[in-house]
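The values are calculated or read from the model by the stated rules, or taken from the named source; none is laboratory data. Please read these numbers as outputs of a predicted model, since none were measured by experiment. Every residue, glycine among them, receives a Cβ derived from its backbone with ideal geometry; neighbour counts consider all protein chains shown.
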Amino acid sequence: MRSNCTYMHKVYTYDGKRCDGFYPRGSKDFDESTPLSANGPLLKAIAIVGAESLKGGIARASGEYLGSPPDRYQGWGHLNLASSLPLWTKETNAENLQRIQVVNGAAIYDGETYYICGINATGAGPIRAALVWHDYPSNIMDAGIDAGSTYPNILVNDLDLYFNVNNGDMRNEREDHTNNVERFELETLEPGAQVTLKVNVSKFGTRQVPDIRVSRQRQLWSLVVVGHFKGNLRTYDNPSYKRPHRLQGLWRTSVYPEGLQINKHVWAFLVVSRSFIETVR
């Protein structure tokens, strides 16, 4: 699935206002907004991060009462796009509203660790995050069985999502070596609390594949954070941090070096300087 502005311009919010398809606020009227083409793992992460628990309900298949997600009956819960995709307008009072930040198609290899900072809690509500990756096909007959689990561990590449608050110890809310999804929820945070995320590799099975085209391939992953916070995820795999809408015009006439990790303001200055020199000539 690939979203584009031509399609997204036809989407309307619940109150009839048009959604322009710009991330992260659904409209190009905000300086930080930029077009976004979401990959498969990101779309799955967006659906999961806003899912609501069905705890207390009854599973029809077994008659059991449902507990807290995730489990084999409800997955991560009931899909709720209102919790996954917060939309703003210029008239919106932003004090108590949710925001969204994403990492779209980052890559990691065996032994690497990926740290992401830049967001601070407002204290008005929870912050949730979900990590998703498409795993390499595995042979279920070779799967091991986790201690105390009835499900086979068939992940080839196993990634983990950790977090800390105010530079404390890194924590993993749910240790999971069976699924290609990781999620955590921070329900109560003090205003201004700094939240840092970490993605690392606990198993990288594709490194053992005889085909060199596979063994040297990095694992792609995507992440979404939704909740009550301020700031941006400071990584160039976050489109609004890498290239905000207010600088789109500069990039239309210039080639941005994708492999170069350069501050967006410095790059904008270099582009303007080059344009000025060419004009003087």
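Pairs under 7 Å by beta carbon, first residue on the phi > 0 side of the Ramachandran plot in segment 21-40, partner in a loop (DSSP other than H, G, I, E, B), six or more apart or different chains? Sorted first by the residue in segment 21-40, then by its partner, the pairs are Gly21/Ser3; Gly21/His9; Gly26/Asp20; Gly26/Leu87; Gly26/Trp88. The set of residues from segment 204-234 being basic (Lys, Arg) and surrounded by fewer than 16 Cβ atoms within 10 Å (Cβ to Cβ) comprises Arg213, Arg216, Arg218, Lys230, Arg234.
Each row is one residue, and each column tells you yes or no for (1) surrounded by 12 or more Cβ atoms within 10 Å (Cβ to Cβ); (2) modelled with pLDDT under 85; (3) touching a strand residue (DSSP E or B) at 6+ places or on another chain (Cβ under 9 Å); (4) outside any loop (DSSP other than H, G, I, E, B).
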{"residue": "Leu43", "(1), (2), (3), (4)": "yes, no, yes, yes"}
{"residue": "Ala47", "(1), (2), (3), (4)": "yes, no, yes, yes"}
{"residue": "Gly56", "(1), (2), (3), (4)": "no, no, yes, no"}
{"residue": "Gly67", "(1), (2), (3), (4)": "yes, no, no, no"}
{"residue": "Tyr73", "(1), (2), (3), (4)": "yes, no, no, no"}
{"residue": "Glu91", "(1), (2), (3), (4)": "no, yes, no, no"}
{"residue": "Val103", "(1), (2), (3), (4)": "yes, no, yes, yes"}
{"residue": "Asp110", "(1), (2), (3), (4)": "yes, no, yes, no"}
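For segment 135-153, residues that are at pLDDT 80 or above and either more than 19 Å from Asn180 (Cβ to Cβ) or surrounded by 15 or more Cβ atoms within 10 Å (Cβ to Cβ) (or both) total 2.
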